[in-house]
Structures are given as structure tokens and as C-alpha cells.
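A.B. asks: The structure under discussion is supplied below as C-alpha cells; questions concerning it will follow.
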Amino acid sequence: MFPFPDNQPILKTDKAATANIIFKSADGGQTWQDISKGLPGNLKEGGFYANENGLWLRGGKDTYHSTPNSTTSFWQKEIFPDKWSSIAAGKHGMFAYNYGGQIVQKISGTSVWSPVYTNFKGNIRTVFETAGGAVFIGSDNGLYKSTDNGKTWKQVHAGGWVIKIVEQNGVLVATSMSGIIRSADEGEHWSVVISEGGVGIDVACIQGGLAAISYSTAVKTRRIRTSYDGGKTWQPIDAGFPGQAITDSPWPLINVSNPAQGTDSAWHPKEAAPPGPEYKTSIIQVGENFFCGHTDGIYKSSNKGKTWKLVLPADKGKMFTLSVSGNVIYAIQTESHC
């Protein structure tokens, strides 16, 4: 049980079971339920995402699924090809992929995993499908696009890794080594829209706009911004964010999620590649509220970022990453390494 003051939310947890891995809130962050029971205590999170069917979590060699309407901690272990390290949502079923460049997909309603996009050659940081059917693969050396279901690939952005991509009203926005990048022509051309000498950390779709977290080398901390013109211009919403007092190196903060991206044993720190999901900071919106996962815990703003309040503290040495489905918030606590 976290030591909440009287004005802090109530945390429901079962001390006798696995605890403090995953939390769920269905009331706008007022209360948080620990739904970790049933997961292995030494779980090493390797990617997660939420949709209308619940939450999928990759841990070790297994994938776990929790339904959104479950009132208790209940996890179903999914049949999974054990060498695939990360998961991502697909239009026709879940993707599983590893850094080495292999991708499989499980078609919705089946338990069969089949290889896909076998013509792609290179390492993989993310897989993303647009509403129009184009497929993008983010790699350490840029972004690749296919419009023929993976038969051929075209590099559409060079100059370092691309990890997370979101789409809103035909506009694509992504995190990159250069900061936050944007495309308004179906991913054919990209321009940097947020750059302060640091990397892009997270991007997310919000009500009527977009949100992003980037790293500023000038002030040596994360910056949180929103855009309501399709990513053309961005406004800071972090003036009152208490976490700005932390001046981390950008490298512990580069990975992003919803879905989160993982790593495998092929990556080594000496390589110019981003670490795994335990290094991420995330931003989401639920109703009129913004939530930001941080090394301190989960912060909430009910006034468009003017002020922020800590609503769920993190254990020492850990941090929360966030995912949302409808009005349900999922918070995964992992090692921060910050």
C-alpha cells in the first residue's frame, strides 16, 4: 500500500499476491486498483497495449491478456512464439516482432501466428499500420514504408531511429532521434516540428489534437506540448509540472509506447540504439484530464497543464508508463534506470 495522504486516491491491492506491477483506474485517476495478481513476480515487461478488448502485456516468453470489464485481477496467458520480444496492435491482429527483423502476426479470432513482411531487411523498433493500409517500420536508421502489404519497402525518413508513430485525420506524427517529426502526405515526406537538441520521447492522440514529450538539451529535462492544428504548431503545457525539476540524461528517456516497444538480447549499450520500455515517459488524455507517467509516479492535470498533481506515486527506483482504452487507464510500473 502506498502511503497516500488523506487527499490522495485510495489504492486497492492484495499484499499476499504479486503486487505493484500493473494498476487500473476507471474513474479518471481518483482510485487505482492493483491488477497484478496472476502475473509472475519477476516479470520483465516487453511491450503492452490496450484497446476495446482489454490489455495485452508481453513478459518474458509469455503474453498476458486482461479484459476491460474484469472486476478482479484475471490474466489469461496467450499462446506466443517465445523468441518474439515485442508486441503491437494491427488492423487485422496483434503483431509480434524482434529487434533482429522478424515479424509475425496473429489474425484476430485465431491462435495461429504467421510470418509477415519477410521482405523487410533490417532491425525493427516499431510496426505501424495507417487507416489507409500503408505499413511503416521504424528502424535504427530511419523509417520505411510499404503500400503493397510488405512486398516492397521504401525508406521515407533517414537520420536515425524512429520508434512511435500515431495518426490523426491523415496526419502522421512520430518520435525520432531528431525530436518529433510530422508528415501530411501519407508518410512520403517528414519534417521536424519539435527539436531542442534532444530526442522525441512520446506522441499521443488527444481530443482534437496531439500531445508530445521531447527532451531539451538546453534545460536538460523533458518538455510536454500539445498541438491542435495537426502538429504544425505546439504549445507547452509543462510550466507547472513538478517533474521538470529532474534533469536526466536524454538516453534513459527515449523509448515510448501505446503500444510500447521492447528490445531483445541483440542490443548492447555500445550500439547507437534506444533501450527498452523500462526507460519511457508517456502522456495520455482521458476525458478533460491529462496524465503523465514519470519517475515520481503518475501526474494528473485537470486544467490543460497549468497545474499537475501526483495521483499515484511510483516505488523507489521505478516509474510508470501509461496506456488507455476508452475511459480506462492502465499503468505499468517498471525499473526507471534514471
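A.B. asks: Does the stretch 131-183 classify as rounded, prolate or oblate by the C-alpha gyration tensor (a ≥ b ≥ c root eigenvalues; a/c under 1.5 gives rounded; else a/b over b/c gives prolate, otherwise oblate)? All intermediate terms of the calculation are to be shown ahead of the outcome.
C.D. replies: Values: a/c = 2.46, a/b = 1.18, b/c = 2.09.
Oblate, since a/c reaches 1.5 and b/c is not below a/b.
A.B. asks: Using only Cα atoms, locate the centre of the stretch 173-194 and the centre of the stretch 121-144, then give the distance between them in Å, rounded to an integer.
C.D. replies: About 13 Å separates the Cα centre of the stretch 173-194 from the one of the stretch 121-144.
A.B. asks: Longer than 23 Å from Cα to Cα, which of K77/K151; K121/K232; K24/K318; K24/K91 are they? Say none if no pair is.
C.D. replies: Violating the 23 Å Cα-Cα cut-off are K77/K151; K121/K232; K24/K91.
A.B. asks: Next question. Keeping all protein chains in place and using 1.4 angstrom, which order do S111, S66 fall into by accessible surface area, from largest down?
C.D. replies: Details: S111 75, S66 5 Å².
These residues rank, largest area first, as S111, S66.
A.B. asks: Which FRET efficiency value, to the nearest 0.05, do you get for H189 and N289 by plugging their Cβ-Cβ distance into 1/(1 + (r/R0)^6) with R0 = 30 Å?
C.D. replies: The formula returns an efficiency of 0.30 here.
A.B. asks: Okay, moving on. So for M177, M319, what's the accessible-area order with a 1.4 Å probe, most first? Display every interim value, and only then the final one.
C.D. replies: Details: M177 65, M319 0 Å².
In descending accessible area the options line up as M177, M319.
A.B. asks: Now a separate question. Please say if the stretch 75-130 is rounded, prolate or oblate, where rounded means a/c under 1.5 for a ≥ b ≥ c the square roots of the C-alpha gyration tensor eigenvalues, and otherwise the choice is prolate for a/b larger than b/c and oblate otherwise?
C.D. replies: Values: a/c = 1.78, a/b = 1.42, b/c = 1.25.
In terms of gyration-tensor shape, prolate.
A.B. asks: May I ask you to list the residues of the stretch 87-116 whose amide nitrogen lies under 15 Å from a point 7 Å from Cα along the Cα→beta-carbon direction of N149?
C.D. replies: 91-93, 105-108, 114-116
A.B. asks: Cβ under 10 Å from G132's Cβ, G132 left aside: what net charge do those residues give with Lys, Arg +1 and Asp, Glu -1?
C.D. replies: Around G132, the surrounding residues sum to -3.
A.B. asks: Separate question: If contacts are Cα pairs under 8 angstrom and at least 6 residues apart, what is the relative contact order of the stretch 84-161 in percent?
C.D. replies: Relative contact order for the stretch 84-161 comes out at 20 percent.
A.B. asks: Work out, step by step, the length gained on full extension between K61 and S216: first 0.36 nm times the residue separation, then minus their alpha carbon distance; give nm to one decimal.
C.D. replies: Full extension of this stretch gives 52.2 nm more.
A.B. asks: Follow-up. For the stretch 98-180, give the percent of accessible area contributed by carbon and sulfur heavy atoms, probe 1.4 Å, rounded to a whole number.
C.D. replies: Summing carbon and sulfur atoms, their accessible area is 49 percent of the total for the stretch 98-180.
The values are calculated or read from the model by the stated rules, or taken from the named source; none is laboratory data. Predicted model, so just to flag it, every value in this text is computed and none were measured. Quick reminder, even Gly has a Cβ in these numbers, built from the backbone with ideal geometry, and neighbours come from all protein chains shown. Surface areas here come from the heavy atoms of the whole protein model, side chains and all, with no ligands, DNA or RNA. Shrake-Rupley method; radii C 1.70, N 1.55, O 1.52, S 1.80 Å.
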